[in-house]
Amino acid sequence: MCASGANFGERTASETVDDAPLILTAQLPADLHRWATRLRDAHFPPERNYLEAHVTLFHALPPQCVEEVVDLCKQLAGELAPVDARILGLMPLGKGTAIKLESQGILDLRDHIADHFHGLLTGQDQHRPRLHVTIQNKVTIEQAKALQDHLADEVEPRSFAFRGLALHRYRGGPWELMREFTFRGREKA
């Protein structure tokens, strides 16, 4: 397992590690990604909209574990077929709106990764996420409710499959895409 915090601070001056947290997402199929990104572009406050549509599995995997995260994601992507999922509808976020998703397979995959990095996860990442794609955030409750009413007929239940995983570095707002891992195996998650 990657070095814990005990060795993390014991590097020589020539050993540099990017200390930006690692974000792991599940990748939507291209058509669904484009549609959700269009919704996000139309309804997310523009001054805060640094990202395309995404489904976050981990918010801050430890940066010192980058090689191990990459190796594990490569292994899983090689074994697993695209992972079944479903849009359930809209999900109120209080001062925002999201598309609510369900996927036991992607949650099981996430649990496997969480078990692997047990003891190194942040408090937020120790808990299973509520799968969703945020399309609006940090608006008034009234604005959020109005968007939910407006989109009620457009966001309908439908099945899809996650096509892979993506690893990013958090850059204080924007994310830097490091690597994508396309599911190409035969095993069901």
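Summary of computed values
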{"read-out": "Conditions (1) open to solvent by less than 30 Å² (accessible area, probe 1.4 Å); (2) in contact (Cβ under 8 Å) with a residue 60 or more places away in the chain; number of the one not met by ALA114", "value": "(2)"}
{"read-out": "Number of the exception - ASP84 against (1) free of Cβ contacts under 8 Å to residues at least 60 places away in the same chain; (2) in contact with a helix residue (DSSP H, G or I) (Cβ under 6 Å, 6 or more places away or on another chain); (3) among the charged types (D, E, K, R)", "value": "(1)"}
{"read-out": "Of all residues making up region 146-155, the number that are open to solvent by 60 Å² or more (accessible area, probe 1.4 Å), within 22 Å of GLU102 (Cα to Cα) and modelled with pLDDT of 95 or more", "value": "1"}
{"read-out": "Scan of region 66-81 for residues that are surrounded by 19 or more Cβ atoms within 10 Å (Cβ to Cβ) and either touching an Asp or Glu at 6+ places or on another chain (Cβ under 6 Å) or not in a helix (DSSP H, G or I) (or both), ordered by number", "value": "LEU80"}
{"read-out": "1 or more residues small (Gly, Ala, Ser): qualifying strands (runs of 3 or more DSSP E) within region 133-189", "value": "158-162, 164-170"}
{"read-out": "Candidate set from region 82-111 (those that are under 14 Å from the mean Cα position of the chain (by Cα) and outside any strand (DSSP E or B)); member that is surrounded by the most Cβ atoms within 10 Å (Cβ to Cβ)", "value": "ILE106"}
{"read-out": "Residue satisfying all of: in region 22-51; assigned to a loop (DSSP other than H, G, I, E, B) and modelled with pLDDT of 95 or more; surrounded by the fewest Cβ atoms within 10 Å (Cβ to Cβ) among these", "value": "PRO29"}
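The values are calculated or read from the model by the stated rules, or taken from the named source; none is laboratory data. The structure displayed is predicted, hence computed values, not measured ones. Cβ coordinates were reconstructed from backbone atoms using ideal geometry, including for glycine residues, and neighbour counts include every protein chain displayed. In case anyone asks, the SASA skips ligands and DNA or RNA and just uses the protein heavy atoms, side chains included. Shrake-Rupley method; radii C 1.70, N 1.55, O 1.52, S 1.80 Å.
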